[in-house]
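One structure below.
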């Protein structure tokens, strides 16, 4: 008997702050490789940008605008940029004479960036250059968070490929939950470590040069 089931799951629908701070698999041993079809994997990534406006004639004015209009997080800090990610998966189960495995998996990653946008036209050319350089480095930092999420989604697909030869659908789905939840936990740790290592993008240049005692990033 061969049958297929369609299941929809999600790793997380989550909004997680990873940004510049303004102030600071194996194959299951029970698998039946003779009858199991090749697993079809698909990974899609969608990116979207949102902006909030800032204006000013000096670096200090721009900082104040970002402090006012940026993202205030649950830790009490205001951040100049925000990256959110959402990983979802859909999979088909293949049943061959009572042995359950994955037939196909489709994983999607939705990324949303929230970034500042300077709105005043005719600003001093030097200030504009400083701003554009800062924004480019800030976007590079945020893309780093996206890359970490996409890599995790790819590894989730690999998890599905490794799952084969279970005696019941429930047993297979239990393994899916256990392994994907662990991957999700690892992903959150990696995102935090990335911000720690880059000091929220400061080491990557995502900081406006100080023309006074105030810094854009860091404490």
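No value in this document is a laboratory result; all are computed from the given coordinates. All values reported here derive from a predicted model rather than from experimental measurement. Heads up, the Cβs are rebuilt from the backbone with ideal geometry, glycines too, and the neighbour counts pull from every protein chain shown.
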Can you give the FRET efficiency for residue 175 and residue 143, using 1/(1 + (r/R0)^6), R0 = 30 Å, r = Cβ-Cβ distance, to the nearest 0.05? 0.40
If 126, 173, 47, 142 are placed from fewest to most neighbouring beta carbons inside 10 Å, the sequence is 126, 47, 173, 142
Applying 1/(1 + (r/R0)^6) with R0 = 41 Å to the Cβ-Cβ distance of residue 124 and residue 38, what FRET efficiency is obtained, to the nearest 0.05? 0.10
Gyration tensor (alpha-carbon) shape descriptor, region 113-207, a/c threshold 1.5: prolate
Spatial separation of Cα centroids for region 136-208 and region 39-75, in angstrom: 21 Å
At R0 = 30 Å, how high is the FRET efficiency between residue 168 and residue 193 if r is their beta carbon distance? Nearest 0.05 is fine. 0.20
Could you list 53, 75, 140, 86 so that the one with the fewest beta carbons within 10 Å of its beta carbon is first and the one with the most is last? 75, 53, 140, 86
Cα Rg, Dmax, region 38-177, angstrom units: 22.2, 73
